[in-house]
Amino acid sequence: MKEQLTKQSILLFEKKGFSSTSIQDITNAMNVTKGTFYYYFSSKEQLLMDIHDEYITDLIERLIKISEDELITQRDKLEEIIFLLINDIPNNGPSARVFFREMRHLVSENRKKIKLKREEFRLNIEKVISEGIANGEFLESLRADMIAFGVLGIMNWTYNWYNPEGEILIKELCKIYTDLLLRGILTEEQLKEF
């Protein structure tokens with residue numbers, strides 16, 4: 001039931017926004033009582049925190065698997081990160097939109113916790129880029145921190161407009177983004193192999 005309440009809440013928060021969605025809206029949509037809601041969540045804000053925490057924790061775990069894979073290049077890791085974020089949209093697009101839009105409604109302490117996890121996510125991307133710079137895959141003149149912010153800026157905005165059922169397939173969009181990013185950061189030698 002907790003999972004069902006969470007899923008329904010995500011859809012309502014995505015459609016109406018956190019502030020405009022009441023606990024009554026959630027319980028009505030699920031055809032349960034407020035007591036059922038409060039059995040699983042102490043407040044609407046705690047529900048929002050759970051949504052944020054589950055979303056970012058899952059992404060971090062999947063990102064770490066990619067970034068720690070010693071059998072692939074940093075370039076391949078960056079491509080897999082792009083694919084991870086784009087391929088996540090069909091399954092977790094509503095959660096992502098709630099994650100990016102509704103964080104401001106978290107209480108200060110919870111907002112800090114989520115910001116730390118977001119920072120961890122960004123730093124893992126930055127590490128991949130830094131290692132690519134260090135081993136000569138990416139241009140020496142790059143700032144890994146700015147490239148990581150750029151990657152996230154592009155990927156995070158995609159949740160707002162990309163329709164996986166539209167004319168551009170996930171693989172096509174990943175290739176477009178990969179080409180855009182890698183052509184700007186690969187060394188001359190790496191570009192020849194691209």
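The values are calculated or read from the model by the stated rules, or taken from the named source; none is laboratory data. If you're wondering where the values come from, they're calculated on a predicted model, not measured in any experiment. All Cβ positions, even for glycine, are placed from backbone atoms using ideal geometry, and neighbour counts span all protein chains on display.
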Those residues of segment 44-71 which are assigned to a loop (DSSP other than H, G, I, E, B), closer than 23 Å to residue 149 by Cβ and of a type outside the set (Asp, Glu), in sequence order: none
Residue, surrounded by the most Cβ atoms within 10 Å (Cβ to Cβ), within segment 4-21, restricted to residues that are part of a loop (DSSP other than H, G, I, E, B) and touching an Asp or Glu at 6+ places or on another chain (Cβ under 9 Å): 18
Count of residues meeting criterion [buried (at least 21 other Cβ atoms within 10 Å of the Cβ) and of a type in the set (Ser, Thr, Tyr)] in segment 68-106: 1
Test result for residue 120, out of contact with any Ser or Thr (no Cβ under 9 Å at 6 or more places or on another chain) and of a type in the set (Asp, Glu): yes
Among residues of segment 135-167, those that are touching a helix residue (DSSP H, G or I) at 6+ places or on another chain (Cβ under 8 Å), farther than 16 Å from residue 81 by Cα and assigned to a helix (DSSP H, G or I), counted: 1
Residues of segment 22-43 satisfying the condition of being among the β-branched types (Val, Ile, Thr), within 19 Å of residue 54 (Cβ to Cβ) and in a loop (DSSP other than H, G, I, E, B): none
Qualifying residue in segment 135-155 (condition: in the same structural domain as residue 92 (by TED's automatic domain parsing), within 20 Å of residue 96 (Cβ to Cβ) and β-branched (Val, Ile, Thr)): yes
Close pairs from segment 31-59: first over 22 Å from residue 116 (Cα atoms), partner among the charged types (D, E, K, R), Cβ under 7 Å, at least 6 apart: 40/2
